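Peer 1: Here it is, the structure in full.
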Amino acid sequence: MIAAMGYEHILLELEPPIATLTLNRPKVLNALSPELIRELTTALAELDADENVRAVVLTGGPKVFAAGADIGDMADRGAVDQLRRDQTGRWAPLAGFSKPLIAAVNGYALGGGCEVALMCDLILAGETARFGQPEINLGIIPGAGGTQRWPRSIGKYVAMEVMLTGAPVTAQRAYELGVVNKVVPAEMTVGLAQRMARQIAEKPPLAARMAKEAVLKAFDSPLTEGLASERKSFYFLFATEDQKEGMHAFLEKRKGVFKGR
Ligand code: CAA
(Lines give C-alpha, C1' and ligand atoms only; values in the text may rest on other atoms or scores of the structure.)
Protein backbone atom coordinates (compact mmCIF):
# COMPACT_ATOMS: atom_id res chain seq x y z
CA MET A 1 0.00 0.00 0.00
CA ILE A 2 1.24 3.48 -0.84
CA ALA A 3 0.77 6.15 1.81
CA ALA A 4 1.37 9.73 0.63
CA MET A 5 2.28 12.21 3.35
CA GLY A 6 1.41 15.87 3.04
CA TYR A 7 4.14 18.46 2.79
CA GLU A 8 3.94 21.66 0.79
CA HIS A 9 7.21 21.59 -1.17
CA ILE A 10 7.92 17.87 -1.39
CA LEU A 11 5.92 14.68 -1.81
CA LEU A 12 6.59 11.64 0.34
CA GLU A 13 5.31 8.25 -0.77
CA LEU A 14 5.71 5.50 1.77
CA GLU A 15 5.66 2.07 0.22
CA PRO A 16 7.54 -0.06 2.76
CA PRO A 17 10.22 -1.24 2.58
CA ILE A 18 10.98 1.75 0.32
CA ALA A 19 9.98 5.40 0.25
CA THR A 20 10.09 7.98 -2.53
CA LEU A 21 10.69 11.67 -1.92
CA THR A 22 9.86 14.08 -4.75
CA LEU A 23 10.96 17.71 -4.85
CA ASN A 24 7.81 19.62 -5.74
CA ARG A 25 8.15 23.32 -6.59
CA PRO A 26 7.72 22.98 -10.35
CA LYS A 27 7.00 26.70 -10.99
CA VAL A 28 10.56 27.60 -9.95
CA LEU A 29 12.16 24.40 -11.26
CA ASN A 30 12.34 22.92 -7.74
CA ALA A 31 14.56 25.75 -6.49
CA LEU A 32 15.72 24.74 -3.03
CA SER A 33 14.15 27.28 -0.70
CA PRO A 34 14.74 27.16 3.07
CA GLU A 35 11.19 25.78 3.47
CA LEU A 36 11.83 22.98 0.98
CA ILE A 37 15.13 22.12 2.69
CA ARG A 38 13.36 22.06 6.06
CA GLU A 39 10.64 19.74 4.78
CA LEU A 40 13.07 17.45 2.99
CA THR A 41 15.44 17.11 5.95
CA THR A 42 12.50 16.58 8.34
CA ALA A 43 11.15 13.82 6.09
CA LEU A 44 14.60 12.25 5.84
CA ALA A 45 14.98 12.23 9.63
CA GLU A 46 11.59 10.48 9.90
CA LEU A 47 12.55 7.90 7.27
CA ASP A 48 15.89 7.30 8.95
CA ALA A 49 14.06 6.49 12.20
CA ASP A 50 11.38 4.32 10.52
CA GLU A 51 12.40 0.66 10.81
CA ASN A 52 9.99 -0.32 8.04
CA VAL A 53 11.88 1.77 5.48
CA ARG A 54 15.11 0.27 4.17
CA ALA A 55 15.94 2.33 1.08
CA VAL A 56 14.83 5.68 -0.29
CA VAL A 57 14.52 7.21 -3.76
CA LEU A 58 14.92 10.98 -4.12
CA THR A 59 13.65 12.55 -7.31
CA GLY A 60 12.49 15.83 -8.83
CA GLY A 61 10.15 16.48 -11.72
CA PRO A 62 10.05 14.80 -15.13
CA LYS A 63 11.82 17.81 -16.70
CA VAL A 64 13.98 19.13 -13.88
CA PHE A 65 15.51 17.56 -10.80
CA ALA A 66 16.34 20.89 -9.12
CA ALA A 67 17.74 24.18 -10.48
CA GLY A 68 19.68 24.90 -7.30
CA ALA A 69 19.31 27.12 -4.29
CA ASP A 70 16.54 29.70 -4.51
CA ILE A 71 18.26 32.72 -6.07
CA GLY A 72 15.34 35.01 -5.21
CA ASP A 73 15.76 34.10 -1.56
CA MET A 74 19.54 34.68 -1.59
CA ALA A 75 20.08 37.68 -3.87
CA ASP A 76 19.98 40.41 -1.21
CA ARG A 77 21.34 38.51 1.76
CA GLY A 78 24.58 39.44 3.48
CA ALA A 79 27.41 37.19 4.61
CA VAL A 80 26.51 37.35 8.30
CA ASP A 81 22.90 36.54 7.54
CA GLN A 82 23.97 33.53 5.45
CA LEU A 83 26.34 32.35 8.18
CA ARG A 84 23.68 32.71 10.89
CA ARG A 85 21.04 30.76 9.03
CA ASP A 86 23.61 28.26 7.79
CA GLN A 87 21.70 27.56 4.60
CA THR A 88 24.03 24.85 3.33
CA GLY A 89 24.82 23.30 6.73
CA ARG A 90 21.15 22.37 6.89
CA TRP A 91 21.77 19.59 4.44
CA ALA A 92 23.46 17.50 7.17
CA PRO A 93 20.51 15.04 7.52
CA LEU A 94 20.83 14.27 3.80
CA ALA A 95 24.61 13.81 3.84
CA GLY A 96 24.33 11.79 7.07
CA PHE A 97 21.32 9.67 6.07
CA SER A 98 22.10 6.16 7.25
CA LYS A 99 20.10 4.14 4.68
CA PRO A 100 20.78 3.63 0.98
CA LEU A 101 19.57 6.69 -0.92
CA ILE A 102 19.12 6.66 -4.70
CA ALA A 103 18.82 9.85 -6.76
CA ALA A 104 16.59 9.54 -9.82
CA VAL A 105 17.53 12.54 -11.97
CA ASN A 106 15.72 13.84 -15.04
CA GLY A 107 16.54 17.21 -16.60
CA TYR A 108 18.59 19.87 -14.83
CA ALA A 109 20.42 19.09 -11.59
CA LEU A 110 22.18 22.41 -11.11
CA GLY A 111 23.96 24.10 -8.24
CA GLY A 112 22.48 22.88 -4.95
CA GLY A 113 20.34 20.47 -7.03
CA CYS A 114 23.47 18.79 -8.34
CA GLU A 115 24.96 18.76 -4.85
CA VAL A 116 21.82 17.04 -3.53
CA ALA A 117 22.25 14.31 -6.14
CA LEU A 118 25.95 13.98 -5.22
CA MET A 119 24.99 13.48 -1.56
CA CYS A 120 22.96 10.40 -2.56
CA ASP A 121 24.59 6.95 -2.73
CA LEU A 122 23.61 5.98 -6.25
CA ILE A 123 22.50 8.14 -9.15
CA LEU A 124 20.22 6.97 -11.95
CA ALA A 125 20.10 9.54 -14.74
CA GLY A 126 17.47 9.88 -17.40
CA GLU A 127 18.88 10.69 -20.85
CA THR A 128 17.75 14.31 -20.36
CA ALA A 129 19.73 14.79 -17.13
CA ARG A 130 22.26 17.65 -16.98
CA PHE A 131 24.60 18.01 -14.01
CA GLY A 132 26.31 21.31 -13.33
CA GLN A 133 27.56 23.92 -10.91
CA PRO A 134 26.65 27.27 -12.49
CA GLU A 135 27.28 29.23 -9.25
CA ILE A 136 30.24 31.00 -10.83
CA ASN A 137 27.80 32.85 -13.11
CA LEU A 138 26.18 34.31 -9.98
CA GLY A 139 29.42 35.45 -8.36
CA ILE A 140 29.53 32.63 -5.81
CA ILE A 141 30.82 29.05 -5.56
CA PRO A 142 28.96 25.85 -4.64
CA GLY A 143 28.22 25.79 -0.92
CA ALA A 144 26.71 22.36 -0.31
CA GLY A 145 29.70 20.20 -1.11
CA GLY A 146 30.11 20.56 -4.88
CA THR A 147 33.75 21.67 -4.84
CA GLN A 148 34.61 18.67 -2.63
CA ARG A 149 32.42 15.84 -3.91
CA TRP A 150 33.07 16.39 -7.64
CA PRO A 151 36.88 16.07 -7.43
CA ARG A 152 36.62 13.14 -5.02
CA SER A 153 34.39 11.38 -7.56
CA ILE A 154 36.07 12.29 -10.86
CA GLY A 155 39.41 13.95 -10.10
CA LYS A 156 40.71 17.49 -10.41
CA TYR A 157 40.58 18.52 -14.06
CA VAL A 158 36.99 17.89 -15.08
CA ALA A 159 35.89 19.11 -11.63
CA MET A 160 37.71 22.39 -12.36
CA GLU A 161 35.97 22.59 -15.74
CA VAL A 162 32.58 22.10 -14.07
CA MET A 163 33.30 24.79 -11.42
CA LEU A 164 35.04 27.33 -13.67
CA THR A 165 32.91 27.19 -16.82
CA GLY A 166 29.59 26.63 -15.07
CA ALA A 167 28.56 24.52 -18.07
CA PRO A 168 26.53 21.40 -17.25
CA VAL A 169 27.62 17.91 -18.31
CA THR A 170 25.21 15.59 -20.08
CA ALA A 171 23.93 12.36 -18.52
CA GLN A 172 26.12 10.35 -20.89
CA ARG A 173 29.27 12.30 -20.02
CA ALA A 174 28.46 12.06 -16.32
CA TYR A 175 28.18 8.30 -16.79
CA GLU A 176 31.52 8.13 -18.59
CA LEU A 177 33.08 10.17 -15.77
CA GLY A 178 31.66 7.76 -13.19
CA VAL A 179 29.33 10.25 -11.51
CA VAL A 180 26.18 8.32 -12.35
CA ASN A 181 25.46 4.60 -12.17
CA LYS A 182 23.26 4.25 -15.24
CA VAL A 183 21.69 6.32 -17.99
CA VAL A 184 18.14 5.20 -18.71
CA PRO A 185 15.17 6.41 -20.78
CA ALA A 186 13.78 9.47 -18.95
CA GLU A 187 10.32 8.02 -18.45
CA MET A 188 11.81 5.00 -16.67
CA THR A 189 14.20 6.76 -14.29
CA VAL A 190 11.99 6.80 -11.19
CA GLY A 191 10.58 3.29 -11.73
CA LEU A 192 14.05 1.80 -12.20
CA ALA A 193 15.35 3.64 -9.14
CA GLN A 194 12.45 2.24 -7.12
CA ARG A 195 13.19 -1.24 -8.43
CA MET A 196 16.81 -0.85 -7.39
CA ALA A 197 15.67 0.44 -3.97
CA ARG A 198 13.47 -2.65 -3.53
CA GLN A 199 16.38 -4.95 -4.41
CA ILE A 200 18.61 -3.21 -1.88
CA ALA A 201 15.78 -3.26 0.70
CA GLU A 202 15.89 -7.07 0.61
CA LYS A 203 19.46 -7.04 1.90
CA PRO A 204 20.28 -7.15 5.61
CA PRO A 205 19.78 -3.49 6.65
CA LEU A 206 22.61 -3.36 9.17
CA ALA A 207 25.08 -4.70 6.60
CA ALA A 208 23.78 -2.11 4.10
CA ARG A 209 24.26 0.63 6.68
CA MET A 210 27.79 -0.50 7.52
CA ALA A 211 28.70 -0.86 3.82
CA LYS A 212 27.48 2.69 3.17
CA GLU A 213 29.36 4.07 6.16
CA ALA A 214 32.54 2.27 5.11
CA VAL A 215 32.47 3.55 1.53
CA LEU A 216 31.82 7.12 2.69
CA LYS A 217 34.69 6.79 5.16
CA ALA A 218 37.01 6.16 2.19
CA PHE A 219 36.34 9.74 1.04
CA ASP A 220 37.61 11.43 4.14
CA SER A 221 40.13 9.26 5.90
CA PRO A 222 43.60 7.87 5.28
CA LEU A 223 43.70 4.23 4.12
CA THR A 224 44.85 2.78 7.46
CA GLU A 225 42.04 4.56 9.31
CA GLY A 226 39.48 3.48 6.72
CA LEU A 227 40.67 -0.12 6.91
CA ALA A 228 40.55 -0.11 10.72
CA SER A 229 37.02 1.26 10.63
CA GLU A 230 35.97 -1.32 8.05
CA ARG A 231 37.42 -4.12 10.19
CA LYS A 232 35.45 -2.99 13.26
CA SER A 233 32.21 -2.88 11.28
CA PHE A 234 32.99 -6.31 9.81
CA TYR A 235 33.43 -7.79 13.31
CA PHE A 236 30.40 -5.91 14.63
CA LEU A 237 28.16 -7.55 12.05
CA PHE A 238 28.93 -10.96 13.61
CA ALA A 239 26.93 -9.71 16.61
CA THR A 240 23.79 -9.42 14.49
CA GLU A 241 20.97 -11.94 13.99
CA ASP A 242 21.02 -11.11 10.29
CA GLN A 243 24.58 -12.41 9.90
CA LYS A 244 23.50 -15.77 11.42
CA GLU A 245 20.42 -15.80 9.20
CA GLY A 246 22.40 -14.87 6.08
CA MET A 247 25.06 -17.52 6.52
CA HIS A 248 22.67 -20.30 7.63
CA ALA A 249 20.25 -19.49 4.82
CA PHE A 250 23.16 -19.88 2.40
CA LEU A 251 24.16 -23.25 3.93
CA GLU A 252 20.53 -24.44 3.93
CA LYS A 253 20.08 -23.29 0.32
CA ARG A 254 17.17 -20.96 1.10
CA LYS A 255 16.60 -17.22 0.84
CA GLY A 256 17.50 -15.28 3.96
CA VAL A 257 14.87 -13.23 5.76
CA PHE A 258 16.44 -10.22 7.43
CA LYS A 259 15.10 -8.27 10.37
CA GLY A 260 17.68 -5.58 10.89
CA ARG A 261 18.61 -7.08 14.27
N1 CAA B 1 16.09 29.98 -7.97
C2 CAA B 1 14.95 30.66 -8.11
N3 CAA B 1 14.17 30.60 -9.20
C4 CAA B 1 14.59 29.85 -10.22
C5 CAA B 1 15.79 29.12 -10.16
C6 CAA B 1 16.56 29.20 -8.97
N7 CAA B 1 17.71 28.51 -8.80
N8 CAA B 1 15.96 28.47 -11.33
C9 CAA B 1 14.89 28.78 -12.09
N10 CAA B 1 14.07 29.62 -11.42
C11 CAA B 1 12.81 30.19 -11.89
C12 CAA B 1 13.03 31.25 -12.94
O13 CAA B 1 13.31 32.50 -12.35
C14 CAA B 1 11.70 31.23 -13.66
O15 CAA B 1 10.74 31.93 -12.89
P16 CAA B 1 9.64 32.87 -13.63
O17 CAA B 1 8.79 31.89 -14.40
O18 CAA B 1 8.92 33.51 -12.50
O19 CAA B 1 10.40 33.80 -14.51
C20 CAA B 1 11.30 29.77 -13.61
O21 CAA B 1 12.06 29.18 -12.55
C22 CAA B 1 11.63 29.01 -14.89
O23 CAA B 1 13.03 29.22 -15.16
P24 CAA B 1 13.59 29.69 -16.62
O25 CAA B 1 12.58 30.54 -17.29
O26 CAA B 1 14.94 30.24 -16.40
O27 CAA B 1 13.63 28.26 -17.35
P28 CAA B 1 14.58 27.84 -18.56
O29 CAA B 1 14.05 26.52 -19.00
O30 CAA B 1 14.71 28.93 -19.56
O31 CAA B 1 16.05 27.63 -17.93
C32 CAA B 1 17.61 26.83 -16.26
C33 CAA B 1 16.27 26.59 -17.02
C34 CAA B 1 18.77 26.68 -17.23
C35 CAA B 1 17.69 25.77 -15.17
C36 CAA B 1 17.59 28.26 -15.65
O37 CAA B 1 16.38 28.45 -14.94
C38 CAA B 1 18.73 28.53 -14.70
O39 CAA B 1 19.85 28.77 -15.14
N40 CAA B 1 18.45 28.54 -13.37
C41 CAA B 1 19.42 28.88 -12.36
C42 CAA B 1 20.43 27.77 -12.14
C43 CAA B 1 21.47 28.20 -11.13
O44 CAA B 1 22.17 29.17 -11.30
N45 CAA B 1 21.57 27.41 -10.01
C46 CAA B 1 22.54 27.67 -8.96
C47 CAA B 1 21.86 28.38 -7.82
S48 CAA B 1 23.00 28.83 -6.54
C49 CAA B 1 23.24 27.44 -5.62
O50 CAA B 1 22.65 26.40 -5.88
C51 CAA B 1 24.20 27.59 -4.48
C52 CAA B 1 24.54 26.32 -3.75
O53 CAA B 1 25.54 25.67 -4.03
C54 CAA B 1 23.75 25.85 -2.61
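Peer 1: Residues in segment 229-249: is at least one open to solvent by 90 Å² or more (accessible area, probe 1.4 Å), over 29 Å from residue 148 (Cα atoms) and hydroxyl-bearing (Ser, Thr, Tyr)?
Peer 2: Yes, segment 229-249 has at least one match.
Peer 1: In segment 91-119, what residues are part of a strand (DSSP E or B) and open to solvent by 10 Å² or more (accessible area, probe 1.4 Å)?
Peer 2: 108, 110
Peer 1: Show the residue pairs that are 6+ apart or on different chains and have beta-carbon atoms under 8 Å apart, the first residue being within segment 93-111 and over 22 Å from residue 127 (Cβ atoms), the second being of a type in the set (Gly, Ala, Ser) and part of a loop (DSSP other than H, G, I, E, B).
Peer 2: 95/145
Peer 1: Still on this structure, I have one more. Among the residues of segment 140-161 satisfying the criterion of being in contact (Cβ under 8 Å) with a residue 40 or more places away in the chain and near the ligand (Cβ under 10 Å from one of its atoms), which is most open to solvent (accessible area, probe 1.4 Å)?
Peer 2: The residue in question is 143.
Peer 1: Scan segment 200-228 for residues that are touching a helix residue (DSSP H, G or I) at 6+ places or on another chain (Cβ under 6 Å) and either surrounded by fewer than 17 Cβ atoms within 10 Å (Cβ to Cβ) or not in a helix (DSSP H, G or I) (or both) and jot them down.
Peer 2: Those that are touching a helix residue (DSSP H, G or I) at 6+ places or on another chain (Cβ under 6 Å) and either surrounded by fewer than 17 Cβ atoms within 10 Å (Cβ to Cβ) or not in a helix (DSSP H, G or I) (or both): 204, 217, 218, 219.
Peer 1: So, in segment 56-74, how many residues would count as being of a type outside the set (D, E, K, R), within 8 Å of the ligand (Cβ to nearest atom) and in a loop (DSSP other than H, G, I, E, B)?
Peer 2: Residues meeting the conditions: 2.
Peer 1: Give me the residue from segment 120-139 that is outside any loop (DSSP other than H, G, I, E, B) and buried (at least 21 other Cβ atoms within 10 Å of the Cβ) and, out of that set, farthest from the ligand (Cβ to nearest atom).
Peer 2: Residue satisfying both the conditions and the ranking: 124.
Peer 1: Being among the small types (Gly, Ala, Ser), surrounded by 22 or more Cβ atoms within 10 Å (Cβ to Cβ) and touching a Pro at 6+ places or on another chain (Cβ under 8 Å) is the filter here; which residues of segment 9-68 pass it?
Peer 2: Once the filter is applied, which keeps residues that are among the small types (Gly, Ala, Ser), surrounded by 22 or more Cβ atoms within 10 Å (Cβ to Cβ) and touching a Pro at 6+ places or on another chain (Cβ under 8 Å), segment 9-68 yields 55, 68.
The values are calculated or read from the model by the stated rules, or taken from the named source; none is laboratory data. Note that the structure is predicted; figures quoted are calculated from it, not measured. Backbone-built Cβ (ideal geometry, glycine too); neighbour counts: all protein chains shown. Keep in mind that these areas ignore ligands, DNA and RNA; they rest on the heavy atoms of the full protein, side chains included. Shrake-Rupley method; radii C 1.70, N 1.55, O 1.52, S 1.80 Å.
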